[in-house]
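Asks: Quick one: this structure, given as structure tokens, is what I'll be asking you about.
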Amino acid sequence: MRATVSPRRGFLGMLTEVAFACGLIGLGFVVSWLFFLGR
Amino acid sequence: MVIPMVTSLVFREWASALDFAISVILTLLVGYTLALISRTKNTPGLTHAMVIAAGSWLIAMVLSGVPYMLSGHMKSFLDACFDTMSGYTTTGLFLLQDLDHISQGLNMWRHLLTYVGGQGIVVLALTFLIGSTGGAFKIMVGEGKEEKLEPNVRHIAVLIWRISLIYLGVGTVVLGLIAMANGIKPYLAFFHGAYIFMSAWSTGGFAPYSQNMLYYHSSAMEIASMVFFILGSFNFALHYAVWSGNRKEILRNVEIVSFTITVLTTFSLVCLALIQRGVYPNAVALFRRGFFQLISGHTTTGQSNIYARTFVREWGPLGMLATTIAMAIGASAASTGGGFKGLRMGIIVKGIATDIRKLLSPERAVVTGHYHHLRDSVLSEGVVKSAALIVVLYILIYVVGAVVGMAYGYPMADALFESVSAGSNTGLSCGVTQATMPTLMKIVYILEMWMGRLEFLSVFTLFGFIATSFRSMRHGKAAA
Amino acid sequence: MKKLCAMLIIVALAVLIAAPVLASAAQPLVLSTNELVENSYKWDGKTVSFKGEVLDLMVREDGTWMNLSDGNNTAMGVFVPKGVTMPVISYTEDYRTAGDVVLITGVFHRVCVQHEGETDIHAVSVTVLTRGSVKANPIHPDRVVWFVVLAGLLGLVMWLYYRKPGHETKD
């Protein structure tokens, strides 16, 4: 494990992950919205 | 057990605190007694290690049930074992009676079980499965881990705990603040925050009250929890990669890609079913109810913002089946989640694609498949085979559990849903799991949760070890 | 005179017989969580009554949420909009207290539009039936005995474990 976790990297990593999760949730909303439009 | 005891003391729940004190003493007593009678100078081999891993689960299951039994909220000792197994395997199904009236201490215990169980499993997965299973679990960053296993175990465990504890802090504060904003008294709000975080991060699915997430009547609470349980379902090696600077990995990793695709696909099926039945009046409701259950299922969390029977009475068979499939596929490898695992889905799908390419290519062309998991790897026959083998084993336990349910008269959709929920350690329930459930079903679900959690290997090793011990005992007797 | 008495008796009897019938028509059926969830389509939009122990209260901008527990692992969310009078709730559920038991009447929603699809009841009236109380919750003496006995045994086993010569060589 050559790479290290520094506080700055760790924090950015956390932000990236959280952003991904939010993005996925957002996609979910888009899908439900699209399905309702198509109804 | 000390933490719940202190919790009970803080809330002045004297009887509950005493129950935990008794449990602590009893556990220590059993531990020291066992250590006393099994002192040996031999160092444990790999087989011994696997037996210890699997066997200690059973001991933990039984001893952890003591606080439950003492609380008087269990109908039987088997029920207590069910709940502790459910906790440690981060499943989330429960047979506890009258959840709405238990002590804060017992609630702390329940949620701690999933948090600790989840972390423990990740450490186990990342250390025991390196090198074995034909390369399908090459989940470490770097090269050649076989030689120096020991220092890496400690290193791994420390990293995992560090990431999890940081998220625990962040999560408790965030969820606690949301709870407070929603009207829960401040001193309670942060306990709720801790409980829900532990439930989410460990993809356990317990909640302090029987209404699960419905208790909070808060979309903010649900969304925050969703973020945490999605993250909790990720491979810890991925967390490590992203936290150490390799942020692009999150978009390239085969598990994340697989997860995103299967989430959107199964969710589309859910939407289809719900719209066809006209269950929800608008997109917001469809999203808030439909997506939450689906993603809770797919990450094998098991938190819910609808009543269990609503699955049966409103969602209907297709909605249930889509959710069942999502649960069956499950989360990422080396995470607290269960199911087939995204890694295997990705490997199998790519394996099929590669085979098709081979068929369509000229005879002499060399076709190799690749998959990206922290680094690019070759899709060898061995890798695809082991992935497929474990998937088959999962399907086996899912089906056996479903058949047992159906044999007792439960409808197929219900029985399959619940069986997959147990075997994938999800914990969503459609109403089948009750204390009044047939005893055999409880046992089958306990076994499903256990085997699903340990991905079969440790359990098979344990049984194999017991079998060979018996055989050698018999031979020994025959010789004598 | 006799005719007047007879008429009075008949009217009284009629009132006595009719009153319960009329009263129950005014007071909707008290339903359980299980009934409402199992037959959510049937009760959707209907005015129902619900009785349960207050688990907690969450005051929000547009009203108050009450989670009412009406049985073993069953509880329903009841929303009391701002306009509806909320009686004083003395106790909410806690390990050490029994919450007030409250009777509400309101409209059941299978999927409440205001609350993004929740299964809830919007209360029209709220009455406290039974005041809550602090529960007794005593410590059982036999548990204390167990504690002492087990602690004693533990002390013994630990002493045996740590005093054995084998223990030093292990480290």
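Asks: Mind checking the dipole of the protein assembly as shown: about its Cα centre, +1 per Lys or Arg Cβ, -1 per Asp or Glu Cβ, Debye to the nearest 20?
Replies: So the dipole magnitude of the protein assembly as shown works out to roughly 940 debye.
Asks: Can you compute the FRET efficiency between residue A:29 and residue C:7 using 1/(1 + (r/R0)^6), with r the Cβ-Cβ distance and R0 = 56 Å? Round to the nearest 0.05.
Replies: 0.20
Asks: Taking only the C-alpha atoms, wrap a convex hull around region B:199-343 and report its volume per residue in Å³ as a whole number.
Replies: Dividing the Cα hull volume of region B:199-343 by its residues yields 101 Å³.
Asks: Using alpha carbons only, how many angstrom separate the centre of region B:245-292 from the centre of region B:377-399?
Replies: Going from one Cα centre to the other spans 25 Å.
Asks: Where in chain B is the longest stretch that carries no trypsin sites (Lys or Arg not before Pro) classed as loop by DSSP and with at most 16 other Cβ atoms within 10 Å?
Replies: The reported range is B:365-480.
Asks: Per DSSP helix of 4 or more residues, -39500 (n - 2.57); summed, then divided by the residues of the protein assembly as shown. What does that give at 222 nm, rounded to the nearest 500?
Replies: Counting only the DSSP helices, I get -20000 deg cm²/dmol.
Asks: Calculate the spin-label point distance for residue B:177 paired with residue A:11, positioning each point 7 Å from the Cα along the beta-carbon direction, and give it in nanometres.
Replies: Result: 1.5 nm between the two label points.
Asks: So how do B:368, C:33, B:323 line up by other beta-carbon neighbours within 10 Å, fewest first?
Replies: Ranking B:368, C:33, B:323 by Cβ neighbours within 10 Å, fewest first, gives B:368, C:33, B:323.
Asks: Would you tell me the mean number of C-beta atoms belonging to other protein chains that fall within 10 Å of each C-beta in B:244-253, as a whole number?
Replies: 4
Asks: With loop defined by DSSP as not H, G, I, E or B, and exposure as at most 11 other Cβ atoms within 10 Å, which is the longest segment of chain B clear of exposed GluC sites (Glu not before Pro)?
Replies: Value returned for the longest uninterrupted segment is B:148-362.
Asks: Let me check against my output: what whole-number percent is the relative contact order of chain B, with C-alpha pairs under 8 Å and at least 6 apart?
Replies: 17
Asks: Find the lysine pairs in chain B meeting two conditions, Cα atoms under 16 Å apart and a separation of 8 or more places or different chains, and report how many there are.
Replies: 8
Asks: When the C-alpha atoms of region C:31-161 are aligned to their principal axes, what extent does each axis show, in angstrom, from largest down?
Replies: In descending order, the Cα extents are 69, 30, 26 Å.
Asks: With each label point set 7 Å from Cα along the Cα-Cβ vector, what nm distance links residue C:125 and residue C:149?
Replies: 5.6
Asks: Another one. Considering lysine pairs in chain C that are 8 or more places apart or on different chains, how many have Cα atoms under 25 Å apart?
Replies: Summing the qualifying lysine pairs gives 4.
Asks: Using a basic spin-label model with each label point 7 Å from the Cα along Cα→Cβ, how many nm lie between residue B:365 and residue B:440?
Replies: Result: 5.3 nm between the two label points.
Asks: Would you mind checking the radius of gyration and Dmax of chain B based on alpha-carbon positions, in Å?
Replies: 22.5, 78
Asks: Calculate the all-directions average of the projected area of region B:63-124's alpha-carbon convex hull, and give it in nm².
Replies: That works out to 3.9 nm².
Asks: Separate question: Going by how many other beta carbons lie within 10 Å of each one, how would you line up B:155, B:73, fewest first?
Replies: Going from sparsest to densest Cβ surroundings: B:155, B:73.
Asks: OK, next. D for the protein assembly as shown, whole µm²/s, Stokes-Einstein with Kirkwood Rh over alpha-carbon pairs at 25 °C and 0.890 mPa s: what number?
Replies: Calculated translational D: 90 µm²/s.
Asks: Go ahead and collect, in residue order, the members of region B:250-268 whose backbone nitrogen is under 17 Å from a label point 7 Å along the Cα-Cβ direction of residue A:37.
Replies: B:268
Computed from the coordinates by the stated procedures, all read-outs in this text should not be read as laboratory data. Predicted model only: the values in this text are computed from it and were never measured. Using ideal geometry, Cβ is built from the backbone for each residue, glycine included, and neighbour counts are taken over all protein chains shown.
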